[in-house]
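Let me begin by presenting the structure, written as C-alpha cells, before commenting on it.
The values are calculated or read from the model by the stated rules, or taken from the named source; none is laboratory data. All values reported here derive from a predicted model rather than from experimental measurement. When we count neighbours, we look across all protein chains shown, and the Cβ atoms used for this are built from the backbone with ideal geometry, even at glycine.
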C-alpha cells in the first residue's frame, strides 16, 4: 500500500464563504479536506498532517522555512511514497521555491 502525506496549510482549497460575515477565509481543517475527496483512494494510505490553516497571504518567510521541516521529514520516511502540500495561490510560488531550495540543500 502506498502512503501519501497531505500537508495542509489552509489557503484557497481550505477556504469557505461565511454568509454571516460575507467573508471567505481559510476555515476547513485537513481532515475535512480529506473527507471531501469524492473518489476512494484504493491502495493508498492518505495521511493528513495539518501544518497550519491560514490564508496564503499570511505565509511569510519564517512559516515557509518551517513548512520544509514536516515535508522533509515525510519525504525521508521510506514508507512515504509522496507528499502533497495544499497551499493558497497568493504565495504558492515563493513557498514552493523555498521548499525546493531547502529540501535540495538538506539532501
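Tabulated results
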item	result
Test: residue 80 is at pLDDT 85 or above, over 12 Å from the mean Cα position of the chain (by Cα) and buried (at least 16 other Cβ atoms within 10 Å of the Cβ)	yes
Selection from the range 29-44 of residues that are part of a helix (DSSP H, G or I) and within 11 Å of residue 4 (Cβ to Cβ)	34
Residue within the range 87-95 that is under 28 Å from residue 1 (Cβ atoms) and part of a loop (DSSP other than H, G, I, E, B) present	yes
Of all residues in the range 1-26 being at pLDDT below 70 and in contact with a helix residue (DSSP H, G or I) (Cβ under 7 Å, 6 or more places away or on another chain), the one that is surrounded by the fewest Cβ atoms within 10 Å (Cβ to Cβ)	26
The range 45-71, residues that are in a helix (DSSP H, G or I) and either within 13 Å of the chain's Cα centre (by Cα) or under 21 Å from residue 34 (Cβ atoms) (or both)	56, 63, 64, 66, 67, 68, 69, 70, 71
Condition met for residue 44 (touching a strand residue (DSSP E or B) at 6+ places or on another chain (Cβ under 9 Å), closer than 18 Å to residue 8 by Cβ and either surrounded by fewer than 17 Cβ atoms within 10 Å (Cβ to Cβ) or modelled with pLDDT of 85 or more (or both))	yes
